[in-house]
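Q: Please read through the structure below; I'll follow up with questions.
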Amino acid sequence: MAKKNKKNEQLPEGMSRRQAKLAARAAERAALEKDPRPYGGLAAESQLVALQEFVPSAVAKLAVKGFDRDVYVATVLPGASAALIRDEQFGGDAFVGLQVQSHSHNPGRDLAFALNWVKNHQPGDTLASTVADGSQPALADLLEADAVLDIDVHQDFAWWMPEGAQITPQVAQSLQMANDSVIESHRVGVEAGITGTAFWANAGGGKAHIRWVRPNDDESAFLAALARVAARGELNLGEGTKFAGVFRTHGLIAPVFDLRPEVAHDSYESELARVDQALAAEISNDAQLSANERKQLENIKSRQVTLR
């Protein structure tokens, strides 16, 4: 095999061969690093995490900078693809997916990659893989940082098909299979104005759940607040409910509550507000935990489940 001709090697302007090699290695290391909070800095952080991890079928319009078409973020797109742009006859709107078939360990970069793809492609195009390759801008350069999402939750995937689109038998079968996988889900806590994003879901098995994604910057302080509220017997959402533990995902903590499935999803607003206020009052409490509170803290830590 012929040796590489170093004289013809293209180097970045102003860099020696050694400097270029070091820069390439640094870029490779950066690509392998996992972002501790992939959606950090966005007002919609807890919403994006909830949609990616806990919600079967939902869509929300994104506030994207400098785009000439409407862009929506979705939980799942047809074929678990990363992005698609509808044909002009169906409006030409673009959709990017969070729950995708192919992804990297940095979902924020993957989302930026998909959004950048949308900006540079045409109606009718589909992006299968969302694995970021470093060509994408930072997510903060694409999304309005202070924008929150108006989430439209669905109990099926009928929204996949724009009005008037022809549904072939193959598409109908795929759509039915997707619909069969959906569990009933509803966003809760909006009327109560709670911190973060909470979703009620009935997965069967005799229990329903509320998973509550909290955008807290100080994890230790939040866990201690949970322990203090639990020690008072107040870490529940009313009769017939109990605190089940916490998920840790994408740098955030999501408390989980077990519920009776026959109780309506919208009946927990006042209890969510009560717990939210109790936690807010304790997060800034830097006093030493009591023996009972320490016991509760250890119990909470033992029931943590880390996603991804």
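Q: Do you know the relative contact order of the stretch 45-180, to the nearest whole percent, from alpha carbon pairs under 8 angstrom that are 6+ apart?
A: 25 percent
Q: Using Cβ contacts closer than 10 Å as the measure, can you line up K242, K295 from fewest to most?
A: K242, K295
Q: I'd like to know which of L279, T195, H209 lies farthest towards the positive end of the charge dipole of the stretch 186-307, counting +1 on Cβ of Lys and Arg and -1 on Cβ of Asp and Glu.
A: H209
Q: Place a label point 7 angstrom from the Cα of K242 along the Cα-to-Cβ direction, then list the residues of the stretch 270-308 whose backbone nitrogen is under 15 Å away.
A: 299-300, 303
Q: Further, regarding this structure: Based on the mean of other beta carbon atoms within 10 Å per residue, what is the order of 83-94, 263-274, 244-255, most packed first?
A: The peptides rank, most packed first, as 244-255, 83-94, 263-274.
Q: Ok, one more. Provide, in order from the shortest bin, the percent of all Cα-Cα pairs of the stretch 130-197 in each 10 Å bin, continuing until the bin that contains the maximum pair distance.
A: It works out to 14, 26, 30, 28, 2, in whole percents.
Q: Which whole-number percent is the relative contact order of the chain (Cα, under 8 Å, 6+ apart)?
A: Relative contact order comes out at 15 percent.
Q: Additional query: Please figure out what share of the DSSP beta bridges in the chain is antiparallel and state it in percent, rounded to the nearest 5.
A: That works out to approximately 80 percent antiparallel.
Q: Still on this structure, I have one more. Counting Lys +1, Arg +1, Asp -1, Glu -1, what net charge surrounds A244 among other residues with beta carbon under 10 Å of its beta carbon?
A: +3
Q: Which of the peptides 146-156, 96-106, 39-49, 217-227 is most tightly packed, and how do the rest follow, going by the mean number of other Cβ atoms within 10 Å of each residue?
A: Put in order of decreasing packing, that is 39-49, 96-106, 217-227, 146-156.
Q: Under 8 Å for C-alpha pairs, at least 6 residues apart: give me the relative contact order for the stretch 186-307, rounded to a whole percent.
A: 33 percent
Q: Tell me the net charge near G79. Cut-off is 15 Å between Cβ atoms, G79 excluded, with +1 for each Lys or Arg and -1 for each Asp or Glu.
A: Working: positive: R86; negative: D125.
Taking every other residue near G79 into account, the sum is 0.
Q: Also, I was wondering about something else. Roughly how many nanometres apart are two label points built 7 Å out from the Cα toward the Cβ at R18 and V148?
A: Between R18 and V148, the simple spin-label model gives 5.5 nm.
Q: Mind grabbing the base-10 log of I(q)/I(0) for the stretch 45-180 at q = 0.17, 0.20 Å⁻¹? Debye formula, identical points on the C-alpha positions, no solvent, two decimal places.
A: With one equal scatterer per Cα and no solvent, log10 I(q)/I(0) is -0.91, -1.28.
Q: Place a +1 charge on the Cβ of each Lys and Arg in the stretch 167-308 and a -1 charge on the Cβ of each Asp and Glu, then give the dipole magnitude about the Cα centre in debye, rounded to the nearest 20. Working shown, then result.
A: Details: 15 positive and 18 negative charges, 98 e Å.
Here the stretch 167-308 has a charge dipole of around 480 debye.
Q: Ok, one more. Subtract the Cα-Cα distance of D70 and E262 from 0.36 nm times their separation in residues, and report this length gain in nm to one decimal.
A: 65.3 nm
Q: Treating only the Cβ of Lys, Arg, Asp and Glu as charged (+1, +1, -1, -1), what charge dipole size does the stretch 208-282 show about its Cα centre? Round to the nearest 20 debye.
A: Around 220 debye, computed over the stretch 208-282.
Q: Continuing with this model, one more query. Using the Cα centre of the chain as the reference point, and only Cβ charges (+1 on K/R, -1 on D/E), how large is the resulting charge dipole? Debye, rounded to the nearest 20.
A: The calculation lands at about 1900 debye.
Q: In nm, give the distance between the simple-model label positions of T306 and A140, each being 7 Å from the Cα along the Cα-to-Cβ direction.
A: Label at T306, label at A140, 2.5 nm between them.
Q: Using the Cβ atoms and a cut-off under 13 Å, what net charge is assigned to the surroundings of A114, where Lys and Arg are +1 and Asp and Glu are -1?
A: On the way: positive: R109, K119; negative: D110, D125, D133.
After counting each charged neighbour, the total is -1.
No lab work stands behind these numbers, since they all come straight from the coordinates. Since this is a predicted model, take the numbers as computed values, not measurements. Note that we place each Cβ from the backbone using ideal geometry, even for glycine, and neighbour counts take in every protein chain shown.
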